[in-house]
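The values are calculated or read from the model by the stated rules, or taken from the named source; none is laboratory data. For clarity, every value in this text was computed on a predicted model and none was experimentally measured. A quick note on method: Cβ atoms are made from the backbone with ideal geometry, for glycine too, and the neighbour counts reach across all protein chains shown. Surface areas here come from the heavy atoms of the whole protein model, side chains and all, with no ligands, DNA or RNA. Shrake-Rupley method; radii C 1.70, N 1.55, O 1.52, S 1.80 Å.
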Amino acid sequence: MTTILLVDDEPSSRYAMSRALAKDGHRLLEAGNGREALEVLAKEAVDAMLLDVAMPGMDGITTLKEMKKLGARPPVIVVTAHGSEKIAVEAMKAGAFDYLAKPYDIEELRVVVRKALEAAGVVAENRRLKEEVARLSGLGDLVGESAAMRAVYDRIEKVAGSKVPVLVRGASGTGKELVAREIHRRSGLAGAFVAMNCAAVPETLIESELFGHEKGAFTGATERRKGKFLAADGGTLFLDEVGDMPIGTQAKLLRVLQEQVIEPLGSDKPVRVDVRVVSATHRDLEKGIAEGKFREDLYYRLNVVDIRLPSLGERGNDVLVLARRFLAAAAKAHGREAEGFTAEAERALVARAWPGNVRELRNVIERAVVLAGGAQVDVLDLAGPAAAPSAAAAPTALPFQEARKQVLEDFERAYLTAKLKENAGNVSRTATAIGMHRQSLQQKLRELKINPHLFKA
C-alpha cells in the first residue's frame, strides 16, 4: 500500500484531498504545516506528498528546501492558488515533481498523484539497479567480484544497521579497516569513525589512549585528553589488532563494553558513552585464550558477529580487478600515462602468491606505474624494482628468519618470472641462461607456484 502525505493548513482542503484519494486505496497521512510535515517524514516512509505553498510558519517552498537537506526523497506536488504560476516554477526549481492550481479537478488530482507514484517507482528501481551493479564489483571502497568477497559484502550489509560488536579476522593487508569503515558508513550513526591500532600503542599509554586522562593524572599528563571512546561517542570505535592488547587493559575494555561507561585516568567520575565497537585481528584468538594471553569473556563480547576476510590468493581474478583500480589511481596521482597491463603482466599478477595480500599488490602496482616506460605496464616492470618495496617493507614485523625467507622468496619469484619471460616460458633455455640444472629449476618453480606456460609466446 502506498502512503501519501497531505500538507495544508486548512482542514477542509486536507479533507477534500483525502476523500478524493481514498478511493484509490492509498494510506493517507496529514500535517497542518511544514514543520509537522518534516516530523512525519522523519518517522514514516512516504511515497508521495501534496504540499500547499501558502502556509503560516514554514511555507511550502521552505519545506521543500528543508526536505532536500534532510535527504527526504518522495515526489512532491505543490498546490498553489490560481494565478500563482511564478511560485509554482520556484517550487519546481526547489525540487517539486509537479504542481496543481486551485481550484483543481478531482480527476486531475488523482492523475498527477498517479504519475508521481509511477515516477517514484522508476527512480527507486533505477537506484536499486545502480546499487546492485556497483555491488557486483565491490562495496564502497572494497573492491572485488569473487564469491569470497560477495560473502563479505552480504555480511556487512546484514550487520551494518545494528549496533552489535563485530570482529573482523584476516591476514595482514587484506583490508580489515576498510570493512570497519564500510560498516560505519552504512550504519547511519551520527558520530565519528575513530580507529586505534592496539599493537602500535605502548602498553603504558594504551589505557590513556582508550579512556582518556585528566591533567596531572601521571607524569607528562600536562593537559586533559578525552580518549578514543569519547571521540567515538555516538559513532564507531575500530580497535585494530585487538589481539595484541595487554591482558590488564582487556579487563577494563570488557567492563566498558558491558556497561557503556568509562573512567578517564585520574578521575573518579564515570562518563557514559554510546559507542559501537568493531575490532580486528590477524591473530588466532582461540589459541591466545588457551595460552592465557586473551580473555575468553572479552572474546565472546567482541565476537558477536565475525567477518572473515579471504587472502588475495583465495580471491581468484580479483587480483586483476584490484590491479586495474590501483593502476588508474597511481597513474592519476603521479601524472603517468600508464593505461593498462600487457597480457604477460596480467598472467604474472594472477600467478604470483601475494603473501602481503592487497597491501603488497597496491605497493607493487604503484612502483610499476612510476617506473614503467609507456602506456602498458609489462611483466618486467612488475618483476624488477617494483617488487622490492613490498619485499622489503612487508617483513619488518616478522622474526628475522621468517623475514629473510619472505624476502628471498620474493626475489626468486621476481627473478625467475623475468627470466622465463625473456625465454618465452622455455624451462630448458631459462635453466641454461641462469646456470641452473633443469630439474632444479622445475622444482623451484613448483615451490614458488610459477607456471612457465603462462610465459610462452
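Here are the numbers for this structure:
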item	result
Lysines whose Cα lies under 26 Å from that of Lys456, excluding same-chain neighbours fewer than 8 positions away	Lys419, Lys421, Lys444
Efficiency of FRET from Cβ geometry, Glu157 and Asp98, R₀ 45 Å, rounded to 0.05	0.85
The range 213-310: antiparallel DSSP beta bridges as a percent of all, rounded to 5	40
Kirkwood Rh in Å, taken over the chain so that all alpha-carbon pairs contribute	27.0
List Lys93, Lys176, ordered by accessible area with a 1.4 Å probe, largest first	Lys93, Lys176
Cα Rg, Dmax (largest Cα-Cα span) when computed across the range 164-292, Å	14.7, 41
Heavy-atom accessible area order for Val370, Val7, largest first, 1.4 Å probe	Val370, Val7
Evaluated at q = 0.13, 0.21 Å⁻¹: base-10 log I(q)/I(0), Debye formula over Cα of the range 229-313	-0.46, -1.07
Under 16 Å from the Cα of Lys226 - lysines, other chains or at least 8 residues apart	Lys215, Lys269
List His282, His213, ordered by accessible area with a 1.4 Å probe, largest first	His282, His213
Dipole of the chain, positive end: most advanced residue of Leu312, Leu41, Pro56 [Cβ charges, Cα centre]	Leu312
Considering only the chain, percent of DSSP beta bridges that pair antiparallel, nearest 5	10
